[in-house]
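The values are calculated or read from the model by the stated rules, or taken from the named source; none is laboratory data. These numbers come from a predicted model, not from an experiment. Glycine also receives a Cβ, built like all others from the backbone with ideal geometry; neighbour counts cover every protein chain displayed. The area values use the complete protein model at the heavy-atom level, side chains included, leaving out ligands, DNA and RNA. Shrake-Rupley method; radii C 1.70, N 1.55, O 1.52, S 1.80 Å.
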Amino acid sequence: MKIKQLSIFLENRKGRMRKALDVLEKGQVSIRALSLADTSDFGILRLIVPEPEGTKKLLEDHDFIVKTGKVVAVRMEDEPGSLGKILGILDENDINLSYLYAFVAKEDMAIVLLHPENIEEGIGALERGGADLISAQEIYEL
Amino acid sequence: MIWNEEAECMDQKKREELQLKRLQTVVKRAYENVPHYKNRLDQVGVKPDDIKTLKDIEKLPFTSKEDLRESYPFGMFAVPPREIVEIHTSSGTTGKPVVSGYTRKDLDTWSEVMARGLTMFGADPDDIIQNTHGYGLFTGGFGVHYGAQKVGCTVIPISTGQTKRQIEIMEDFNSSIVIVTPSYGLYLAEVAVEEGLDTEKLKLKAIGFGAEMWTEGMRRELQNRFHAPAYNIYGLTEIMGPGIALECQEQDGLHVMEDHFYPEIIDPETLENVEEGETGELVLTNLTREGMPIIRFRTKDLTALRRGKCSCGRSLIKMDRITGRTDDMLKVRGVAVFPSQVEKALLKIDGIEPHYQIIVTRPQHLDEMEVRVETSPELFSDEVKELVGAKKRIENYIHDEIGLRVKVTLVEPKTIPRSEGKAVRVFDKRKFDN
């Protein structure tokens, strides 16, 4: 249920993200999902890739700082209110969310990646609430 | 007007006789009362009696800032503690500061030299001096204060900060002379304009500025903004404080109060004295100080001495504007900062690589210091708030070490250039060249 995510430190400077993406291109890494958190000084690039460990090493070999973390992926209908329903489950269970990002995967289906402060509690609550949790493999195969 | 015509316009030959007599006395007193000097002189086999000419000063060992630190707190005092009536310290917040002790007579000397300088600026008893230098352990506030009182001016001891209040007082009290650091002066002028004050109406007579590196460009700015001539004040805590050398109306070099402070210029590499007019490191000797006579202090300030006839009538030797330092000390908002202090702070934090850069700028007339630090896996977190927290933590460590707020920027690993040998860590982007 937990999906490995790579977090990469980027300076908030022209061309930094491009440099990271160039490394991924050379390694023939196909990005499944991506988000970028930015502040005035720095950014954190978060990626879901099929081979997280290998990709981490590749980036580190190019002097990037990379951390592996875990997120939860939930499948939902691509219609108004779907995301709200999922957040409602977390809210009812008093679970804080650090961040999330979502994308439309294919027709009628969207996926949200969630990072609850406590991932185990988050998964428990989502399962009990009837959310459609999906595995890493399913994301990689999209 | 000249405050002390006899001393300031003295015939050079006569002055040299006076300097020699004072040097012999001060060396003897230091040798007999300060163990540090006895040891140093004994080590090089020089006795106070060996000082037969002024040139013989070159036989004496130098005194460094480290020597003064090692004698913390009162090891350099040449009188019993009860005769010390005031103490100041240098601004260094690392380790121990340098302590400076003054007897009653030393305070008189300090007042005298500052009175001479303020008179050079045109000060007289009718003037109201707004002293924005800090009062406290810093010598700036008190030094100016004593000189102004000696002249008989009215002193407004407002200290630094409270900028809007400064402007209000300037206007309401009709301040005629303002004492500032150049950067604070420019900031003050800017806020004055924002507050709708017409600086031309202030009718300022003069601005005295010191405690920071400056340029002719900055002087012009100060003068244009305040519509008054601006004069430089030089001094350092170890020797006394402000008042060691000041500019006259010529605005072309600072007259050194050489009957109290004996100046030499050395080559910082060979440590040999250089020819007059050549640039090198300024070395100062207290000729009259009782409480803490310092012999051949290496100031690390780069300048040149020039003897000649000044149109102001004074025969006191002139030194150039300080053009640099022989060490890597930076003055940021008037505070002395060494890159090694920043390094020391960084080493206290786990997961920080010892690669950093210091960038000093002056965006709005006030100094800003940025420290660029390479991020490491230990420091990096997936969460923004933790990364911001780590950045704040580093800023706090540096603040504790240097006493200044800096901006820390986390950069990617290996983006700070490694250099062989001496690393270039400091980028001072303030312009001091003209």
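Data table
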{"item": "Drop in accessible area of at least 40 Å² in the complex versus isolated chain, residues of the stretch A:35-71, 1.4 Å probe", "result": "A:Asp41, A:Phe42, A:Ile44, A:Asp63, A:Ile65, A:Lys67"}
{"item": "With Cα atoms, 0 to 90° folded angle of helix A:52-61 axis to chain A main axis", "result": "30 degrees"}
{"item": "Percent of beta bridges antiparallel (DSSP, the protein assembly as shown, rounded to nearest 5)", "result": "75 percent"}
{"item": "Estimated FRET transfer efficiency (B:Tyr72, B:Thr415; beta-carbon r; R0 30 Å; 0.05)", "result": "0.15"}
{"item": "Distance (nanometres) between label positions extended 7 Å along Cα→Cβ at B:Glu216 and A:Lys57", "result": "6.4 nm"}
{"item": "Rel. contact order, % - alpha carbon contacts under 8 angstrom, at least six apart, the stretch B:331-428", "result": "34 percent"}
{"item": "Buried area at the B-A interface (accessible, heavy atoms, 1.4 Å probe, summed, Å²)", "result": "1800 Å²"}
{"item": "Calculated FRET efficiency for the pair B:Val384/A:Met109, C-beta based, R₀ 35 Å, to 0.05", "result": "0.75"}
{"item": "Chain A - percent relative contact order, Cα under 8 Å, separation 6 or more", "result": "28 percent"}
{"item": "FRET efficiency estimate (nearest 0.05) - Cβ-Cβ, B:Glu269 to A:Ile31, R0 60 angstrom", "result": "0.55"}
{"item": "DSSP bridge pairs, chain B: antiparallel proportion in percent, nearest 5", "result": "60 percent"}
{"item": "Potential extension, A:Arg18-A:Glu79 segment - 0.36 nm per residue separation minus Cα distance", "result": "18.7 nm"}
{"item": "Crossing angle, helix A:119-128 versus chain A [Cα axis fit, 0-90 degrees, rounded to tens]", "result": "40 degrees"}
{"item": "Listed residue pairs exceeding 23 Å between alpha carbons, taken from B:Lys150/B:Lys300; B:Lys300/B:Lys431; A:Lys4/B:Lys348", "result": "B:Lys150/B:Lys300; A:Lys4/B:Lys348"}
{"item": "Helix-derived mean residue ellipticity, 222 nm - over chain A, DSSP H n ≥ 4, -39500 (n - 2.57), to 500", "result": "-9500 deg cm²/dmol"}
{"item": "Set of lysines near B:Lys52 by C-alpha distance (under 19 Å), chain-local residues within fewer than 8 positions excluded", "result": "B:Lys13, B:Lys14, B:Lys21, B:Lys28, B:Lys38"}
{"item": "Computed lengthening from B:Asp252 to B:Glu16, 0.36 nm per intervening residue step minus Cα-Cα distance", "result": "82.6 nm"}
{"item": "Potential extension, B:Asp400-B:Arg104 segment - 0.36 nm per residue separation minus Cα distance", "result": "103.1 nm"}
{"item": "For chain B, accessible area per residue (1.4 Å probe, heavy atoms of protein chains only), Å²", "result": "43 Å²"}
{"item": "For the stretch A:70-140, accessible area per residue (1.4 Å probe, heavy atoms of protein chains only), Å²", "result": "53 Å²"}
{"item": "Counting DSSP beta bridges with both ends in the stretch B:280-411, the antiparallel % (nearest 5)", "result": "75 percent"}
{"item": "Solvent-accessible ranking of A:His62, B:His145, largest area first, probe 1.4 Å", "result": "A:His62, B:His145"}
{"item": "Chain B: relative contact order as a whole-number percent, Cα under 8 Å and 6+ apart", "result": "14 percent"}
{"item": "Protein accessible area in the protein assembly as shown, 1.4 Å probe - carbon and sulfur %", "result": "48 percent"}
{"item": "Student exercise, the stretch A:2-68 dipole from Lys, Arg, Asp, Glu Cβ charges, in Debye to nearest 20", "result": "180 debye"}
{"item": "Under 5 Å, built H, 5+ apart or other chain: amide partners of A:Phe42", "result": "A:Asn12"}
{"item": "Two-site label geometry, B:Lys392 and A:Asn93: point separation in nm, points 7 Å out along Cα→Cβ", "result": "3.0 nm"}
{"item": "Spatially proximal lysines relative to B:Lys385 (Cα-Cα < 16 Å; intrachain offsets below 8 disregarded)", "result": "A:Lys67"}
{"item": "Residues losing 50 Å² or more accessible surface upon assembly, the stretch A:1-27, compared with the chain by itself, 1.4 Å", "result": "A:Phe9, A:Glu11"}
{"item": "Accessible surface of B:Glu168 - all protein chains present, 1.4 Å probe, nearest 10 Å²", "result": "100 Å²"}
{"item": "CD proxy at 222 nm, helix term only [per DSSP H run n ≥ 4: -39500 (n - 2.57); per residue of chain B; nearest 500]", "result": "-9500 deg cm²/dmol"}
{"item": "Solvent exposure ordering (accessible area, 1.4 Å, most first) of A:Lys56, A:Lys4", "result": "A:Lys4, A:Lys56"}
